[in-house]
Structures are given as structure tokens and as C-alpha cells.
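Data first, discussion second: the structure below is written as C-alpha cells.
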Amino acid sequence: MKKLEKLKKHKIFLYVSGGLVSGFLNGLFGSGGGTVIVPFLEEFLDRDEHTSHATAILIILGFTIVSLIFYGFGQVLDWRLALTVSAGGVVGGFLGARLLKKLTGGTIRKIFGAFMIIAAVRMVFSK
Amino acid sequence: MNILLPIISGFAAGIISGMGIGGGTILIPALSIFLSIDQHTAQGVNLLYFIPTAVVALFVHIKNKAIDYKIAIPIILSGIAGAIGGSALALVIHAKLLKKLFGGFLFFMGIYEICKKDKQKEKK
């Protein structure tokens, strides 16, 4: 009975910490929650890749709605810009998902990783 | 107001995230660097842009019964506090500082993408 209770407490701690970190990043940086929650679901909660990705989208959607309420009150939401970007993004996302099947991500992923680092350095040293 | 550049940025970022790279962090630097959009606005756009793409994806996932609601609900409920904390913090941080902090975060995300193992290779 004691072991079972310990296991349950352990799981609650996992849910809460994973959710907190993911939600926090989503709110603070407007992104990145998914990058945290997917490996979390796979490694700590032992879900398979497909379930983890699908479930992560629902989780991040929840966090995003909450974050957007705050960003809205903070009056930083540019709806017109978002609409314009989303128009391109929805088409691009559809194309990207189809490309995913044809190309193995390996080299492209590393190239974009490098781009991200370059962009990161630019942003850190921006005035 | 030029709309071509935002559409192209969204399109390019969409392709990359559609391929599973970057986890949504590509659009914000693109808007910031190429369109000189301030950090809070760029982050807000990324959040808004996620909604339609997530809804569409979820339709497919719900149909395929790929979502584990048993873990999704507790994680969302406990994570909301984090989302509230993170958002509130973002709003009180000055845009220039938030941009630098985001850059630091992006740096680690870039390293993560470079170090990510190709799962198909792992299975072999």
C-alpha cells in the first residue's frame, strides 16, 4: 500500500513539473513548450512518438489560449499581422508535413539548428 | 503596409515547423530579424498562429484517437499556473531584454536540434 502511494505521488510530481515548465516557456517566450513536453511524454510518461506528438498539441493549445489572454490584456497582439503570417504558415505547414514523409530530417535539421544558433547570437547581441 | 514579407516568413516558418524542426521557435526570430518586429508582438503572433494549425492537426489526431486525455488534462491543469506566470513575466520585461533572453533560449534550442538523433536511424 505504501509503495503504491509513493508511486502515485511520484506521478503527480511528474505531471505538475512537466506541465509547469512547458506552460512557463509557452508564456514567457511564446514558443518552445512543445519542445519540452514531447520528450517529457516519451521519456517520463512512456508514451509512443505518435501519442506524444498528438497529446502535446492539445496541451500546448491549452497553454497558448491562457497565454493569449494575458498577451491580449497586455495589448501586444497584432491581429492583422498574425492573420497575414498565418495565411502563409498554414500553407507552409501543410507542405512541410508532406515533405516530412519524403525527406529524412537529419541533415536539414542540423542545418536549421545552425541557423537557429546564428539567429540566437544576433538576438542576444542586438541593441 | 507590405504583406508579402509576412506571408513569406509565415510560409517558410510553416514548412520548417511542419517538418518537425524548431518547435515553433523559427517564426519569432524571422519576424524579429527580417521584419524588425518587437519581441512581444512577434511572440504574440506566434501564439496566435499556433491556434488554427493546432485545431486542424487535432481534428486528425482526434479522429485517429491518438490523444491520451488521461495525461493531457492533468498536465494542462497543472501547467496553467506556469503559463500564467510566464506570460505575466513576459509582459513586465522590457522588449529588448526579452529579445536577448529569447536569444539565449533559442541558442539551446538550436543545439538541441543539432544533437537530436534521427529516430529512423535509431530503430536500425
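When each of B:ALA95, B:ALA81, B:ALA88 is tested for being at pLDDT 95 or above, more than 7 Å from chain A (Cβ to nearest Cβ) and touching a helix residue (DSSP H, G or I) at 6+ places or on another chain (Cβ under 7 Å), the lone residue that passes is B:ALA95.
Every condition in (1) touching a helix residue (DSSP H, G or I) at 6+ places or on another chain (Cβ under 8 Å); (2) assigned to a helix (DSSP H, G or I); (3) among the small types (Gly, Ala, Ser) is met by A:SER126 except one, and the failing one is (2). Being polar (S, T, N, Q), within 7 Å of another protein chain (Cβ to nearest Cβ), touching an Asp or Glu at 6+ places or on another chain (Cβ under 6 Å) and buried (at least 18 other Cβ atoms within 10 Å of the Cβ) holds for only one residue in A:THR84, A:THR64, A:THR51, A:THR35, and it is A:THR51. Count of segment B:1-36 residues, restricted to those that are of a type in the set (Val, Ile, Thr) and open to solvent by 40 Å² or more (accessible area, probe 1.4 Å), is 4. When each of A:GLY96, A:GLY113 is tested for being crowded, with 17+ Cβ neighbours inside 10 Å, at pLDDT 90 or above and of a type outside the set (Val, Ile, Thr), the lone residue that passes is A:GLY113. Selection of segment B:1-12 for residues being more than 7 Å from chain A (Cβ to nearest Cβ) and more than 23 Å from A:VAL121 (Cα to Cα) yields B:MET1, B:ASN2, B:LEU4. Of the helices (runs of 4 or more DSSP H) lying entirely inside segment B:37-124, not one contains at least 1 residues that are crowded, with 21+ Cβ neighbours inside 10 Å and at positive phi.
Within segment B:17-28, can you find the residues that are under 22 Å from A:VAL121 (Cα atoms) and either over 11 Å from the mean Cα position of the chain (by Cα) or not in a helix (DSSP H, G or I) (or both)? Selection gives B:ILE21, B:GLY22, B:GLY23, B:GLY24, B:THR25, B:ILE26.
Within segment A:11-25, residues that are within 7 Å of chain B (Cβ to nearest Cβ) and in a helix (DSSP H, G or I) reach partners that are surrounded by fewer than 19 Cβ atoms within 10 Å (Cβ to Cβ) and of a type outside the set (Gly, Ala, Ser) with beta carbons closer than 7 Å, at six or more positions or on different chains, in the pairs A:TYR15/B:PRO74; A:GLY18/A:PHE44. Here A:THR64, A:THR51 are screened, and the one residue that is touching a Phe, Trp or Tyr at 6+ places or on another chain (Cβ under 7 Å) and assigned to a helix (DSSP H, G or I) is A:THR64.
State yes or no: is A:PHE29 at pLDDT 95 or above, aromatic (Phe, Trp, Tyr), within 25 Å of B:SER36 (Cβ to Cβ) and buried (at least 22 other Cβ atoms within 10 Å of the Cβ)?
So A:PHE29 passes the test.
Just one of the listed residues (A:ALA119, A:ALA87) is out of contact with any Leu (no Cβ under 9 Å at 6 or more places or on another chain) and in a helix (DSSP H, G or I), namely A:ALA87. Within segment B:13-36, the set of residues being among the aliphatic types (A, V, I, L, M) and either more than 11 Å from A:PHE112 (Cα to Cα) or at the interface with another protein chain (Cβ under 7 Å from one of its Cβ atoms) (or both) comprises B:ALA13, B:ILE15, B:ILE16, B:MET19, B:ILE21, B:LEU27, B:ILE28, B:ALA30, B:LEU31, B:ILE33, B:LEU35.
The values are calculated or read from the model by the stated rules, or taken from the named source; none is laboratory data. Note that the structure is a prediction, hence the values are computed from the model and not measured. Using ideal geometry, Cβ is built from the backbone for each residue, glycine included, and neighbour counts are taken over all protein chains shown. Only protein heavy atoms, including side chains, enter the accessible area calculation; ligands, DNA and RNA are left aside. Shrake-Rupley method; radii C 1.70, N 1.55, O 1.52, S 1.80 Å.
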